[in-house]
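Heads up, the thing below is written out as structure tokens.
Derivation of every value follows stated rules applied to the coordinates shown; laboratory data play no part. This one's a predicted model, so the numbers in the text were calculated from it and none came from an experiment. Cβ coordinates were reconstructed from backbone atoms using ideal geometry, including for glycine residues, and neighbour counts include every protein chain displayed.
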Amino acid sequence: MNARVIIIAKVGVKQLLHMTTWILVGLVILFSVLLIIRNVRKNKYAKLQQANKDITDSAFAASLKRLGLRKNEIKLEISTSRLSDVWGSGVMAYEYEVDVNHRIIDDEFREELSVYMQEYAKQNKLSRYDNFPVFVVSDLWQESNLLRVDITYAVNEKTVNYLRDIHRVD
């Protein structure tokens, strides 16, 4: 206790308050910089996610048309959600819901959809990662008139690792 009293007496109460104030200001500045960096990274990932979603949306819509699904057979307003919200940022996987008038899934549908998605990628010179197909139809099912399709755009390491993980589960 005597050592504290001596240190405070030597430094002075005003100087101690002055140092404490500068330490707190420094901590606030450091926290603010870290928060800004986090937000910049988050926005960068969100923009990349949206750009890749737009590419996948176009490929999926073009492939559905090639499969013979016309506007009078489906609602082309494709409802999507990002699977990365569950699997983490950087995973370029999307879930689609398409309202159809009749049952369209058969044994060939998934294979044809995959082939058309790859052809779209080739025509548009889309690059792939680690020898994976550019687009992977990772899941496909139909509930009455609602077609649900999970499509993964294998463009980076996180997405390829996601594909490997779901392949292990299957």
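Annotations
- Peptides 144-153, 47-56, 124-133 ranked from most to least packed give 144-153, 47-56, 124-133, packing being the mean of other C-beta atoms within 10 angstrom over each peptide's residues.
- The slack between Arg164 and Asp54, meaning 0.36 nm per residue of separation minus the straight C-alpha distance, is 37.2 nm.
- Our estimate of slack between Arg66 and Ser144, defined as 0.36 nm per intervening residue step minus the Cα-Cα distance, is 25.9 nm.
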